[in-house]
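Novice: This is the structure I have questions about; it appears just below.
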Amino acid sequence: MSGETRGAVEFRQVRKLFGGFTAIRSLDLVIAPGELVTLLGPSGCGKTTTLRMLAGLESPTSGKILIGGQDVTRLPANRRDVSMVFQSYALFPHMNVAENVAYGLESGGMKRAEARAAAEAGLELVGLGGLGARLPAEISGGQQQRVAVARALVLEPQVLLLDEPLSNLDARLRRRVRTEIRDLQQRLGFTAVYVTHDQEEALAVSDRIVVMREGEIAQVGTPRELYDAPASEFIADFIGEANVVDAEILSVSSGQAQVRLGAMVAELPARGLAAGPARVALRSNALRVGGAGEAGLEGKVATSAFLGDHVEYEIESALGRIFVIDDESDEPLAPGTAVSLALRPRGAALIP
Amino acid sequence: MSLAGPAEAPAPPCLHSQARVMSQDNRRLDYTLAGALAVLLLVPWYRVRGGFFSFDWPGELAGKHDLWPAMAQAVTGRWQIWPVLLLLALAAVQRLVRAPGAARGRALAVIGAAGLGWMMLEGMSIGLRGWNWGLLETLFGAAAGQPAFGAGALSLGLVFTLLIAFGLAERGALKGDAFVLGAISVLVLLVATFVFYPIVSMFTGAFQDFDGSFTTEGVTRNLIDPKIWSLSCLAGGYCGVAWRTFFLAVATATGTTVLGLAFALVATRTGFPFKKSLRLLTVLPIITPPFVVGLALTLMLGRAGVVTQWIETLTGFELGRWLYGLAGIWIAQMLSFTPISFLILIGVVDGISPSMEEASQTLRSDRWRTFRKVSLPLMAPGLANAFLIGFIESMADFGNPLVLGGSGGVLSTEIFFAVVGAQNDPARAAVLASILLIFTLSAFLAQRLWLAGRNFATVGGKGDGGRHALLPARVSGPVTCIVVVWGGFTVAVYALILFGGFVRIWGLDHSLTLEHYQRAFGIAFDGGVRWTGVAWNSFWTTMKIALLAAPLTAAVGLMTAWLIVRQHFPGRAAFEFALMMSFAIPGTVIGISYIMAFNLPPVQMTGSAAILIACFVFRNMPVGVRGGVAAMAQLDGSLDEASLTLGAGSGRTMRRVILPLMRPAILAALVYSFVRAITSISAVIFLVSAKYNMATAYIVGLVENGEYGIAIAYSSVLIVVMISIIGGFQLLVGERQMRRRENGMKEARA
């Protein structure tokens, strides 16, 4: 195995049935060494099953899984060169923090003293140096999470697996810890596969995102690609809560389409579509709320909610009820106010 | 450590791990085959009469052919061992010639299965005096007889089982986990040998004549016997034993359910001042040998009983022997099993979500309407469950009917008398046991299949606040009344047991004496301690056997629980179901089937300590399984998975993560199986021998001889011993938790 394939992951036509239920239909996926890939999707879409098959906690019904160029499909979890951070952290409650972190090293045959030293280094790495003697129950949730990361990282696995690692943290901590995880991953350069159902988290940490739906891959791409060019209404809705509205393509020339949206006409990348009826994803920031009578789409405020740094509106218009964010004005408009909606240069995309 | 720096390319770890897998596959195979070779060369193949662990046999090897190991047996004419040697040689060839992998795995599994199959076949076919069946003799000519399997043969059976497991592991079954596969294979082998083989033997025993040939005569004679099936008591006559047992079980189940519900309601939903001490009642059935209640009842209500005499002198009316029969057994069973029903129903009554009752109250219902329309219907499945368990307990009860049965016995005692009495009719015993088994298994199946999924107790589940409604006045009054009366009765019965041992001759001479205790537990100090009391022998035997059985029971039970909860193997549900079903097999049936299965080769154990230990382990295992399942359900499953992904195998995960976390459950299983081994009577009474007599069987013997004084003194001692064991255990566990909490607080403050 060369240094280039270390950390590479490949799923080849992997299929997984649980009894009669198809969890994964047929999965083909290649992950490059050093990449952080997120598996994103609603609950029951098969993302956790995919991760657990990679860990060796489930066996695929058919197909192959390769890690570092090596077929590991039949290799049990304890003999795969991966390690995992669990949603519940799964810290052993009867061992202290240092023992928890050293556990995997000792399983691999490392001498106790050596393992303890490495564990201490691992704890330093996640900023928990000196807490080794505490029991898991005696540290905070955020610290437990970092212990779980340290415990997985000290093994220097080819691939680090993270199963919803932030879901037990409060919102503020979540933001900080996800940045830390991303930093560590960039600094140490390991491959990471990250499962989450939170699209914001996925956008924030990933090199690439794999959106899954009902046991299949719905779309793979960088956060930017998914956001700017969703492959389907499902993706458009799942990534960044778009309004999907009816539109008409008037003409296409050199890859750009003239699209009529109600009373407006916009120029959008054609994405291979020809003239005719079409669907457009409008992000919540794609429209600017202006006073009645200005150019654009006419509408009426249905609901409004003041959220500190921005105001959320639902606006009744010819395109249907549209969700819009306004971060320019401070004073929310009362329901019933007549407004106009003007298209901004970003945030709208044709759906193929 | 490259942690702090950027990633560099180290030695190829996955090639390395692949090699490690292969060497592990080979290493465990090497150990197993080397062990098999040692056994073949050194360990006696057949059963050693004086006991293998007495180690008298190495000295006697020269003279006795039967003591020789397999290799020597094979070269001196026992051709039935040749296939075993051949199969092991084949396994060794596989090890040397082929690399680990699916192909070798299949070969090993086939070799293991063939070995086990052959050993079973030849063991069943060739008995002490040659072929077991005439047909084989005419086919193959005469064969020399062989004794029962001994240490050597049993070890080889284990080796073949492991070969199957290792083979399957190399094929990649269960993600190639040899530890789990080995555990499952060995458990299946053990359960098949010690639960299902005896039951099957019992059924076939019903169809055998004294010389072993097939006959339906005994079965048909017993199946139509009016003594079993007559229903004439409905017309004022005398009913058959099957129906009597059935009616008794229904009456007991009804009574214990009603009383148990009364206790549970009082304990959880009234302001009754002694609620806490009510819960102590639930300990009683655990510490009471089952016939003790019957014994105490005779002291109270028997012909010479205190209450009987008091009533007779007061009214001049002759009460007679009314206690000895179904009525007496019923009262004794009500006393014995109400605490069990109480224990079940506390859970049911407590488990009903308080918010249901609060919702009902906010919907304009008073307490009575809430109780009648909401609480009671929600308890219904729990009540049905308690009823079925009461039914099974009553059916399986042996101690009380034995003491109080008189002329009108029940199935369990009739089975006993069919084999030990003058009748000696194994076919009758087998038929009666089958009837009993059908009754209890039907109740068990009803409980598992019909009640499954009907339990409302956990509706609402976690995070459900609120408080249970108190009982409406028109319920709480009568219920408290029942509880006070029955509780008082129970206390009086137990007081009589403890007191009875100090009375010279019950009913005639009520002067106090220590004579019974002296005769039972006397110790003389003339040049060292001499245990002169008559009870010491059985007492120490009981302690020894219970001490040996307890860790085995706990180990087997918890291992099984772990497999059931954490491993997903094909047939898991059936495996669990079969195990739990063995819980519904009455002890009497186990006893009779063990005699029928283990009295002759291939596995001969009667009269040994091993048969008692095996009986306890497999009879009490379901308790360990339940405890283990409950304890493991509270452990987050990702702990095991975390350990696996951190590179530990199943064995190491078990040792380092599961076992330490399960320590309280392990202790509980140990104590419980120890105590149950001491109090058990129904199966034991068939299996004791002069050399290994158990306390309960000895006490029953005393009762049969009319030596009530010593019997009661001995029973009291047993009860006190068990109270101290359980109490000590409670203190130990409680204190440990306290200490841990304190430590936690200290460190948190530091």
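Coordinate-derived values only; no laboratory data. On a predicted model such as this, the values are computed, not experimentally measured, just so you know. Please note: Cβ atoms are built from the backbone with ideal geometry, for glycine as well, and neighbour counts cover all protein chains shown.
Novice: I need the shape label for chain B. Rule: rounded when a/c is under 1.5, else prolate if a/b > b/c, else oblate, with a, b, c from the alpha carbon gyration tensor.
Specialist: Numbers: a/c = 1.82, a/b = 1.25, b/c = 1.45.
Taking the square roots of the gyration eigenvalues as a ≥ b ≥ c, chain B is oblate.
Novice: Next up: Give the range of the longest stretch in chain A that excludes all trypsin sites (Lys or Arg not before Pro) found in loop regions by DSSP and having at most 14 other beta-carbon atoms within 10 Å.
Specialist: Working: sites that count: A:111, A:346.
My reading of the result: A:112-345 is the longest stretch.
Novice: So how compact is chain A: Cα radius of gyration and Dmax in angstrom?
Specialist: Final numbers for Rg and Dmax: 24.1, 77 Å.
Novice: Per q in 0.13, 0.21, 0.22, 0.27 1/Å, what log10 I(q)/I(0) does a Debye calculation on the alpha-carbon atoms of segment B:280-332 return?
Specialist: -0.38, -0.76, -0.81, -1.00
Novice: What 222 nm value per residue comes from the helices of chain A, counting each DSSP H run with n ≥ 4 as -39,500 (n - 2.57) and dividing by all residues, nearest 500 deg cm²/dmol? Before the final figure, lay out each step's value.
Specialist: On the way: 8 runs with 84 residues, N = 352.
So the calculated ellipticity at 222 nm is -7000 deg cm²/dmol.
Novice: Further question: Could you list, bin by bin from short to long, the percent of Cα-Cα pairs of segment B:227-495 in 10 Å steps?
Specialist: Computed distribution, short to long bins: 7, 25, 30, 22, 12, 4, 0.
Novice: Taking the Cα-to-Cβ direction at residue A:260 and at residue B:55 and moving 7 Å from each Cα, how far apart do the two end points lie in nm?
Specialist: Result for the modelled spin labels: 10.2 nm.
Novice: Once you compute Rg and the Kirkwood Rh from C-alpha atoms, what is the Rg to Rh ratio for the protein assembly as shown?
Specialist: Values: Rg = 36.8 Å, Rh = 35.1 Å.
A ratio of 1.05.
Novice: Could I ask something else about it? In square nanometres and to one decimal, what's the mean projected area of the convex hull around the Cα atoms of segment B:13-176?
Specialist: Mean orientational projected area (segment B:13-176, Cα hull): 11.6 nm².
Novice: Then there's this: From the C-alpha coordinates alone, can you work out the Kirkwood hydrodynamic radius of segment B:678-730, in Å? The partial results should precede the final answer.
Specialist: Values: mean 1/r = 0.0838 Å⁻¹.
Its Kirkwood hydrodynamic radius stands at 11.9 Å.
Novice: In whole Å, what three semi-axes, largest first, describe the equivalent ellipsoid of segment B:244-353 built from its Cα gyration tensor (square root of 5 times each eigenvalue)?
Specialist: Working: eigenvalues 183, 54, 32 Å².
Equivalent-ellipsoid dimensions as semi-axes: 30, 17, 13 Å.
Novice: Hey, another quick one. With bins 5 Å wide starting at 0, give me the P(r) of segment B:311-400 over every alpha carbon pair, in whole percents.
Specialist: Taking every Cα pair in segment B:311-400, the percentages come to 3, 12, 16, 13, 12, 11, 9, 8, 7, 5, 3, 1.
Novice: Sort out the exposed loop GluC sites (Glu not before Pro) in chain A (DSSP loop, at most 16 other Cβ within 10 Å) and tell me the longest stretch that has none.
Specialist: Working: sites that count: A:4, A:214, A:241, A:294, A:328.
The segment A:5-213 is the longest one with no such site.
Novice: Let me ask something additional. Calculate, in nm to one decimal, what residue B:38 and residue B:89 gain on full extension: separation in residues at 0.36 nm each, minus their alpha carbon distance. Write out the running numbers ahead of the final one.
Specialist: Working: separation 51, 0.36 × 51 = 18.36 nm, distance 1.36 nm.
Taking residue B:38 through residue B:89 to full extension adds about 17.0 nm, to one decimal.
Novice: State to the nearest 20 debye the size of the charge dipole of the protein assembly as shown about its Cα centre, where the only charges are +1 on K and R beta carbons and -1 on D and E beta carbons. Could you put the intermediate results ahead of the total?
Specialist: Numbers: 90 positive and 81 negative charges, 409 e Å.
For the protein assembly as shown, the charge dipole is close to 1960 debye.
Novice: Evaluated at 25 °C with a viscosity of 0.890 mPa s, what Stokes-Einstein diffusion coefficient in µm²/s does segment A:243-351 have when Rh comes from the Kirkwood expression over alpha-carbon pairs? Can you show the working numbers first?
Specialist: Details: Rh = 14.2 Å.
Estimated via Stokes-Einstein, D reaches 172 µm²/s.
Novice: Also, I was wondering about something else. Cα-based Rg of segment B:230-298 per 2.2 N^0.38 Å, rounded to two decimals? The partial results should precede the final answer.
Specialist: Working: Rg = 17.1 Å, N = 69, 2.2 N^0.38 = 11.0 Å.
So segment B:230-298 has a normalised radius of gyration of 1.56.
Novice: Among DSSP beta bridges whose residues both lie in the protein assembly as shown, state the antiparallel percentage, nearest 5.
Specialist: Beta bridges within the protein assembly as shown, antiparallel portion: roughly 80 percent.
Novice: Related question: How do B:671, B:250, B:623 line up, fewest other C-beta atoms within 10 Å first? Write down the numbers at each step before the final one.
Specialist: Working: B:671 21, B:250 14, B:623 18.
If I rank by nearby Cβ atoms, fewest first, I get B:250, B:623, B:671.
Novice: By a straight-distance test (C-alpha under 28 Å), which lysines pair with residue B:64 as possible cross-link partners, with residues fewer than eight away in the same chain excluded?
Specialist: Filter leaves B:691.
Novice: A follow-up question, please. What's the exposure ranking of B:616, B:674, going from fewest to most Cβ atoms within 10 Å? Intermediate values should be presented prior to the final figure.
Specialist: Working: B:616 27, B:674 24.
Lowest to highest Cβ neighbour count: B:674, B:616.
Novice: Now for a different question. Chymotrypsin sites (Phe, Trp or Tyr not before Pro) within segment B:21-106: which are DSSP loop residues with at most 14 other Cβ atoms inside 10 Å?
Specialist: Numbers: sites: B:31, B:45, B:46, B:52, B:53, B:55, B:79; in loops: B:45, B:55.
Here the chymotrypsin sites (Phe, Trp or Tyr not before Pro) that fit, given the DSSP loop and packing criteria, are B:55.
Novice: Loop-only trypsin sites (Lys or Arg not before Pro) in segment B:116-199, please: DSSP not H, G, I, E or B, and at most 12 other Cβ atoms within 10 Å. Working shown, then result.
Specialist: Numbers: sites: B:129, B:171, B:175; in loops: B:129.
Within segment B:116-199, the qualifying trypsin sites (Lys or Arg not before Pro) (loop, at most 12 other Cβ atoms within 10 Å) are B:129.
Novice: Rounded, prolate or oblate: which one fits segment B:534-692, using the alpha carbon gyration tensor with axes a ≥ b ≥ c (rounded when a/c is under 1.5, else prolate when a/b beats b/c, else oblate)?
Specialist: On the way: a/c = 2.51, a/b = 1.85, b/c = 1.35.
Prolate shape, in that a/c is at least 1.5 and a/b is the bigger ratio.
Novice: A further question on this structure: For B:292, B:419, A:126, B:97, which order do you get if you count the other beta carbons within 10 Å of each Cβ and list the fewest first? Before the final figure, lay out each step's value.
Specialist: Values: B:292 31, B:419 20, A:126 23, B:97 8.
Ascending number of Cβ neighbours within 10 Å: B:97, B:419, A:126, B:292.
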